[in-house]
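Working notes, beginning with the structure itself.
The values are calculated or read from the model by the stated rules, or taken from the named source; none is laboratory data. Values in this document were obtained by computation on a predicted structure and should not be read as measured data. Heads up, the Cβs are rebuilt from the backbone with ideal geometry, glycines too, and the neighbour counts pull from every protein chain shown.
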Amino acid sequence: MSTVLDPIAQEGIHRIEWARRHMGVMEAIRAEFEKDKPFSGIKVGMALHVEAKTAALALAIQAGGAEVRLASCNPDSTDDRVAAALNLHYGLETFAKKGETTEEYYRNLNNVLDLGPDYVIDDGCDLVFLAHQDRKDALPNIKGGCEETTTGIVRLKAMSADGALTFPMMDVNDAKMKHLFDNRYGTGQSTFDGLMHATNLLIAGKNVVVAGYGWCGRGIAMRANGLGANVIVTEVDPVKAIEARLDGYQVMPMEEAVSIADFVLTATGMTKILDARQIPRLKDGAVLANAGHFDNEIWKPDLEAAATKVEPVREGVTGYTLKDGRTVYLVASGRLVNLASGQGHPVEIMDMSFAIQALSLRWLVEKGGKASVEAGVITVPDEIDERVARIKLQTLGITIDSLSAEQVSYGSEWRHGT
Ligand SMILES: NC(=O)c1ccc[n+]([C@@H]2O[C@H](COP(=O)([O-])OP(=O)(O)OC[C@H]3O[C@@H](n4cnc5c(N)ncnc54)[C@H](O)[C@@H]3O)[C@@H](O)[C@H]2O)c1
C-alpha cells in the first residue's frame, strides 16, 4: 500500500471512509467476516456501480478472506476517485472509469471473469449474461452469485425459464430490506439529487411525469410531490394506476402526459417508454431523465432522428433541437440519472441493500453454491431480512416490542371466537 497518493485517490479514500462511517450494518457484518473468514480461499467477481458504498461491500467481502475483482455495471456510474482509491490504497483490483466506451465496458467485465471467480455479484445481469454467452470458460468455476436489481432479476428469470442459467443467483432485489427502501426511498431521493445537480432547475410548481409506479416510481413520485411538483403517473398495470390515483396523483397515458410535462422521469425497466410516438407532443424545454436500469427507456435513436441539432448544453445535459424549433433536454444520456449525474442512493440506504448482499453471499457459500442449491433465482431467506432489520434498528437506537408467549399462541390458534 502506498503512503503518498495522488489527490484523486486521496479523495476516494475520504469518500469511502465517510460512507463506511455511516454504514453501521455493513460495519457490523464486516467485523463478523473479519473474525469468521467465511470467504477464505474464494474468488469473488463483482459488477456493481463503482462508488463509495460499493467499496464498503467489496472491502467487507475482502475482509472475509475473498480475493475480489470489481468492474462497473454501467459505463457512466463510476466514481473515478473511488476506483483509484480501491486500486492504489485498499489493494482491491478495480476495472472501471466514468464514461467507458462499450468496448471498455466489456473489457472490464471480461477482466473480472479472467479472475476465475467462484461467486459473482451482479447488478443488471450483464456479468452473468457475458459468462453464459461469450465466456463459457468461466462457467464451470462459478458456483453461484447474487443479483442486485429488478432488471437483473427479470433477465435471470428469463434465462432460468429457458434452462440457460447454470448456477443459483440470490434475488437480493426482492428481499424486503432491499427493495422497500433502496428502490423506493433510495431512488426517490437520489433521482432528484441527480436531476437538480444536472439542471439546477426548480421542481416546485412543475409538472413531473413519472413513468412506472413500481417501487422506484413510487419513491420518485413521493419525492416530487414533497418538492411541490404536480405529479402525473403513467402505468400499464391497472392496479398500480389506481394506487397512484389514490396516492393523490393524476394518471394518464404518456402521449397525453408529454404535452404538459416539464420533466419526464422513467423508471419502468421496460424499453421505449418515450419514443417517436410521443416526441412530437413534447413541450418546448421539457427535461427527460431515466432512473431505470438501462438507457433504453427514453429512446435516443428517435430523439436523434427528430432533431436538427444535438449539442451539450451543460455537463450531463444534451439539448435536442427539433425540426419545428422546440428544444428538449436529455439528462445523463438517458442513463441512470441518480448515478450518472448524482451520487447514487444515500449511504444509509445502501447500508441495508449491501448488508443483504453480503449475508446472501455468505449463505450461498456456506451451502456450497450449485453443489447443493439448484440453478435458478433463489429467494433470500427471511432470517437474513430479519437480521439486517434488527441490526439496522440497533444502529438507529430504536427498540421495538416483541410478542408475549400468550400472543404467540393466540396467533397460531383458530378456535377462539368473539
Ligand atoms: N436508479 C436506481 O438506482 C435504481 C434502483 C433500483 C432499481 N432500478 C431499476 O429501475 C427499474 C424499475 O424498478 P422497480 O423496482 O421500480 O420495478 P417494478 O417492477 O416495481 O416497477 C416497474 C413498473 O413499471 C411499470 N411499467 C412497465 N411498462 C410500462 C410502460 N410501458 N409504461 C408505464 N409503466 C410501465 C410496471 O407496470 C411496474 O409497475 C428497473 O430497471 C430497476 O432495475 C433503478
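Residues to consider are Lys392, Lys367; find the one that is of a type in the set (Lys, Arg), out of contact with any Gly (no Cβ under 6 Å at 6 or more places or on another chain) and under 25 Å from Cys216 (Cβ atoms).
Lys392
Wholly within the stretch 204-270, which helices (runs of 4 or more DSSP H) include no fewer than the required count, namely at least 2 residues that are within 17 Å of Leu282 (Cα to Cα) and of a type in the set (Asp, Glu)?
Counting at least 2 such residues, we get 254-257.
Looking at (1) within 26 Å of Asn225 (Cα to Cα); (2) in contact with a strand residue (DSSP E or B) (Cβ under 7 Å, 6 or more places away or on another chain); (3) more than 10 Å from the ligand (Cβ to nearest atom), which is the one condition that is false for Pro253?
The number of the failed condition is (3).
With the requirement that a residue be in a loop (DSSP other than H, G, I, E, B), within 16 Å of the ligand (Cβ to nearest atom) and out of contact with any Ser or Thr (no Cβ under 6 Å at 6 or more places or on another chain), what does the stretch 284-294 give you?
Phe294
Of the residues Arg223, Arg218, which single one is out of contact with any Cys (no Cβ under 9 Å at 6 or more places or on another chain) and more than 9 Å from the ligand (Cβ to nearest atom)?
Being out of contact with any Cys (no Cβ under 9 Å at 6 or more places or on another chain) and more than 9 Å from the ligand (Cβ to nearest atom) holds for just one of Arg223, Arg218, which is Arg223.
Count, please, the residues in the stretch 46-74 that happen to be assigned to a loop (DSSP other than H, G, I, E, B) and either hydrophobic (A, V, I, L, M, F, W, C) or under 14 Å from the mean Cα position of the chain (by Cα) (or both).
Number satisfying all stated conditions: 8.
How about the stretch 78-179: which strands (runs of 3 or more DSSP E) wholly inside it have at least 3 residues that are in the same structural domain as Gly217 (by TED's automatic domain parsing)?
Result: empty, no element qualifies.
Taking the residues in the stretch 372-404 that are part of a loop (DSSP other than H, G, I, E, B) and closer than 30 Å to His132 by Cα as candidates, determine which candidate is nearest to the chain's Cα centre (by Cα).
Looking at residues that are part of a loop (DSSP other than H, G, I, E, B) and closer than 30 Å to His132 by Cα, I get Val380.
Which pairs do you get when a residue that is under 18 Å from Asp237 (Cβ atoms), found in the stretch 269-285, comes within reach of a residue that is among the polar types (S, T, N, Q) and in a helix (DSSP H, G or I), reach meaning Cβ atoms under 6 angstrom, with the pair 6+ apart or on two chains?
Gly269/Thr150; Gly269/Thr151
Name the residue, out of Lys176, Lys157, that is within 16 Å of the ligand (Cβ to nearest atom), in contact (Cβ under 8 Å) with a residue 40 or more places away in the chain, touching a strand residue (DSSP E or B) at 6+ places or on another chain (Cβ under 8 Å) and of a type in the set (Lys, Arg).
It is Lys157.
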